[in-house]
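Asker: Have a look at this one before I ask anything.
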Amino acid sequence: MPAKVVEECAKLLAAQELNIAFAESATVGRMAAEFGLTDEAGKILKGGIVCYDAGVKEDLLKVDDELVEQFSPESAEVTEAAAKGLRALMPASIHVAITGLTCPGGSESEEKPVGTMFIHCISDQFEFADRIEFTGGKEVIIMKCIEHFAGKLIQKISPDH
């Protein structure tokens, strides 16, 4: 069952006849799955790509390998490039890319600890990027990120925004 904020976001997307596509690394498809479990899924969900491996980001989403080398696969720069690559690949009203560190073994550092997540969202009306740090286990970090994104998207697409 999706979180209430995801259900609210899906209803708002459907009411505005908007649809959404995801390129997910750290959230491993869970974002698309959560939106896919809403009653509005058939109206709002265009699709998703799980791009956990940097090679998938580079080959499928056309993220420049130099960006990956310079900033790491889990970075704001790579996340933005993935969102733009998704936009070129899959038609949708809103394109979202997510990367981050849900467990040790990636590019974590003191400046970028486990729990650091990057979101980049693009539409014709707005664009936003977020770097957020969450605590908890892998699934907790993923679900907090999904709920954070849904809340942020609600703010962007609300009629009173």
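Asker: Which is in contact with a helix residue (DSSP H, G or I) (Cβ under 8 Å, 6 or more places away or on another chain) and open to solvent by 20 Å² or more (accessible area, probe 1.4 Å), of D64, D53, D59?
Answerer: Working: D53 fails: in contact with a helix residue (DSSP H, G or I) (Cβ under 8 Å, 6 or more places away or on another chain); D59 fails: in contact with a helix residue (DSSP H, G or I) (Cβ under 8 Å, 6 or more places away or on another chain).
Only one candidate qualifies: D64.
Asker: Under 6 Å between Cβ atoms, at least 6 apart or on separate chains: pull out the pairs that start in segment 133-152 with a residue that is within 21 Å of E110 (Cα to Cα) and end on any residue that is exposed (fewer than 14 other Cβ atoms within 10 Å of the Cβ).
Answerer: K138/C103
Asker: While we're on this one: Six or more apart or on different chains, Cβ under 6 Å: which pairs go from a residue in segment 65-79 that's under 19 Å from V28 (Cβ atoms) to one that's open to solvent by 30 Å² or more (accessible area, probe 1.4 Å) and at pLDDT below 95? Could you list them?
Answerer: S72/S107; E74/G106; E74/S107
Asker: All but one of (1) part of a helix (DSSP H, G or I); (2) closer than 21 Å to K144 by Cβ hold for A14; state the number of the condition that does not hold.
Answerer: Tallying (1) part of a helix (DSSP H, G or I); (2) closer than 21 Å to K144 by Cβ, A14 fails exactly one: (2).
Asker: Can you tell me which residue is least open to solvent (accessible area, probe 1.4 Å) among those in segment 1-34 that are over 24 Å from C51 (Cβ atoms) and among the acidic types (D, E)? Break it down stepwise before answering.
Answerer: Taking segment 1-34 and keeping what is over 24 Å from C51 (Cβ atoms), we get 1, 4-5, 7-8, 11-12, 14-17.
Keeping just the survivors that are among the acidic types (D, E) gives 7-8, 17.
Values: E7: 60, E8: 104, E17: 160 Å².
Top of the filtered list is E7.
Asker: Is it true that T79 is open to solvent by less than 20 Å² (accessible area, probe 1.4 Å) and not in a helix (DSSP H, G or I)? I'd like the intermediate steps shown before the answer.
Answerer: On the way: open to solvent by less than 20 Å² (accessible area, probe 1.4 Å): yes; not in a helix (DSSP H, G or I): no.
Against the criterion (open to solvent by less than 20 Å² (accessible area, probe 1.4 Å) and not in a helix (DSSP H, G or I)), T79 does not qualify.
Asker: Run V140 past the list (1) part of a helix (DSSP H, G or I); (2) among the β-branched types (V, I, T); (3) surrounded by 23 or more Cβ atoms within 10 Å (Cβ to Cβ) and report the number of the one that doesn't hold.
Answerer: Single failed check for V140: (3).
Asker: Could I ask something else about it? Among the residues of segment 115-137 satisfying the criterion of being touching a helix residue (DSSP H, G or I) at 6+ places or on another chain (Cβ under 8 Å) and over 19 Å from V96 (Cβ atoms), which is most open to solvent (accessible area, probe 1.4 Å)?
Answerer: So the residue we want is T135.
Asker: Take the conditions within 13 Å of the chain's Cα centre (by Cα), closer than 29 Å to L13 by Cα and free of Cβ contacts under 8 Å to residues at least 60 places away in the same chain and apply them to F128. Does it pass?
Answerer: Working: within 13 Å of the chain's Cα centre (by Cα): yes; closer than 29 Å to L13 by Cα: yes; free of Cβ contacts under 8 Å to residues at least 60 places away in the same chain: yes.
For F128, the condition - within 13 Å of the chain's Cα centre (by Cα), closer than 29 Å to L13 by Cα and free of Cβ contacts under 8 Å to residues at least 60 places away in the same chain - is met.
Asker: Based on what the data block shows, is G85 in a helix (DSSP H, G or I), touching a strand residue (DSSP E or B) at 6+ places or on another chain (Cβ under 9 Å) and either open to solvent by less than 50 Å² (accessible area, probe 1.4 Å) or without any contact (Cβ under 8 Å) to a residue 12 or more places away in the chain (or both)? Can you show your working first?
Answerer: Working: in a helix (DSSP H, G or I): yes; touching a strand residue (DSSP E or B) at 6+ places or on another chain (Cβ under 9 Å): yes; either open to solvent by less than 50 Å² (accessible area, probe 1.4 Å) or without any contact (Cβ under 8 Å) to a residue 12 or more places away in the chain (or both): yes.
Against the criterion (in a helix (DSSP H, G or I), touching a strand residue (DSSP E or B) at 6+ places or on another chain (Cβ under 9 Å) and either open to solvent by less than 50 Å² (accessible area, probe 1.4 Å) or without any contact (Cβ under 8 Å) to a residue 12 or more places away in the chain (or both)), G85 qualifies.
Asker: Of the residues that make up segment 104-125, is at least one over 15 Å from T27 (Cβ atoms) and in a strand (DSSP E or B)? Working first, answer last.
Answerer: The initial filter retains those residues of segment 104-125 that are over 15 Å from T27 (Cβ atoms), namely 104-105, 107-113, 122-125.
Cutting the leftovers down to in a strand (DSSP E or B) gives us 122-123.
Yes; the residues of segment 104-125 include at least one that is over 15 Å from T27 (Cβ atoms) and in a strand (DSSP E or B).
Asker: Which of the residues that make up segment 17-44 are part of a loop (DSSP other than H, G, I, E, B) and either without any contact (Cβ under 8 Å) to a residue 60 or more places away in the chain or at positive phi (or both)? Full working, then the answer.
Answerer: Step one: of segment 17-44, the residues part of a loop (DSSP other than H, G, I, E, B) are 17-19, 25-29, 37-40.
Result: E17, V28, G29, L37, T38, D39, E40.
The values are calculated or read from the model by the stated rules, or taken from the named source; none is laboratory data. Owing to the predicted nature of the structure, the values given are computational and were not obtained by experimental measurement. With ideal geometry, Cβ positions are generated from the backbone for all residues, glycine too; neighbour counts draw on all protein chains shown. With ligands, DNA and RNA removed, areas are computed over all heavy atoms of the protein, side chains included. Shrake-Rupley method; radii C 1.70, N 1.55, O 1.52, S 1.80 Å.
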